[in-house]
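The values are calculated or read from the model by the stated rules, or taken from the named source; none is laboratory data. This is a predicted model, so every value here is computed, not measured. Cβ placement follows ideal geometry from the backbone for every residue including glycine, while neighbour counts extend to all protein chains displayed.
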Amino acid sequence: MVSGMKWHKRCSYRLLFLGVGLLLLQSKAIAQAPLHWGFVHFPPFYFQTEDGKAAGQLADFVAELMAELERDYTFEQYPNRRMIHLLNEGALDFALVMTSVLKDHSLYRISQRPITSMQLSAFWLGERSEVERVGDLFGSRVILMSGFSYGGMRFMLEPGYGVVREVVEVNEHALGIEALRLNRGDYLLNYKETATLQSAVDDVADIHHSVLKTIDVYFLLRADLPDSEALMQQIDQFLSQQ
């Protein structure tokens, strides 16, 4: 009878240790699950190549960072509006974007310092007046990139706000320059650093631009990830060394 009780105790201990071990393995597996990165077509910062690879300046940064953190990650390039929707649904593990795209900042941990910055600029052809602020667009037709928040200025660019007379939206950077060339709008608002925009600009004579605002880009990490606090501390430490 005693030996039977000892046997049951041994079995209970073994089951307990086995259960704890499985829980630890599961917790580790959850914590180390690949992180999913979402981005839009925005060279030279990030874009997806024809063979399905992530490329660009910030894609290189992500690869270096994840190697330092010893974390696997997946990625996907999304259309502008889809990307912003997923971000605001908390459906992306991380993103490298301006914070103005977020409706609820509590969904993500935000890096202490920016990764880079971009210059929001106005482009126009010929002798049109220079634009230094949104108010200078009064009564004009403006070409905008679909899904862009413009550093939180997007609502000011709606005709109902009382400044802009008409808005034309395009999905690709080069199409913005083409719309400008075809006189579909008086001004194009886009980010000066965009490579595909620059290549289109190079093909158009008598084009001008002015910088309206410099906007910082931050690392956003989904707040409800199992190890998000510790992971963001590591990310901030990595950024401080750059």
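Summary of computed values
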| read-out | value |
| --- | --- |
| Cβ-Cβ under 6 Å pairs, at least 6 apart or on other chains, the range 54-81 side at positive phi, far side outside any helix (DSSP H, G or I) and not acidic (Asp, Glu) | Gly56/Pro43; Gly56/Pro44; Gly56/Phe45; Gly56/Tyr46; Gly56/Phe47 |
| Residues satisfying the stated conditions in the range 85-120, i.e. closer than 20 Å to Thr214 by Cα and in contact with an Asp or Glu (Cβ under 9 Å, 6 or more places away or on another chain) | Met98, Thr99, Ser111, Gln112, Arg113, Pro114, Ile115, Thr116, Ser117, Met118, Gln119 |
| Test set (1) assigned to a helix (DSSP H, G or I); (2) within 21 Å of the chain's Cα centre (by Cα); (3) exposed (fewer than 15 other Cβ atoms within 10 Å of the Cβ) - Gln198 fails condition number | (3) |
| Among (1) at pLDDT 95 or above; (2) loosely packed, with under 15 Cβ neighbours inside 10 Å; (3) over 12 Å from the mean Cα position of the chain (by Cα), the one test that His85 misses | (3) |
| Check on Ala230, under 28 Å from Ala91 (Cβ atoms), loosely packed, with under 13 Cβ neighbours inside 10 Å and small (Gly, Ala, Ser) | yes |
| Within the range 96-140, tally of residues that are surrounded by fewer than 18 Cβ atoms within 10 Å (Cβ to Cβ) and over 25 Å from Arg222 (Cβ atoms) | 13 |
| Count of residues meeting criterion [assigned to a loop (DSSP other than H, G, I, E, B) and either of a type in the set (S, T, N, Q) or under 15 Å from the mean Cα position of the chain (by Cα) (or both)] in the range 143-158 | 4 |
| Of residues in the range 82-125 being assigned to a loop (DSSP other than H, G, I, E, B), in contact (Cβ under 8 Å) with a residue 24 or more places away in the chain and not aliphatic (A, V, I, L, M), the one nearest to Pro34 (Cα to Cα) | Asp93 |
| Phe61 vs. criteria in a helix (DSSP H, G or I) and aromatic (Phe, Trp, Tyr) | yes |
| Some residue of the range 102-118 being in contact with a His (Cβ under 6 Å, 6 or more places away or on another chain), modelled with pLDDT of 95 or more and not assigned by TED's automatic domain parsing to the domain that holds Gly160 | no |
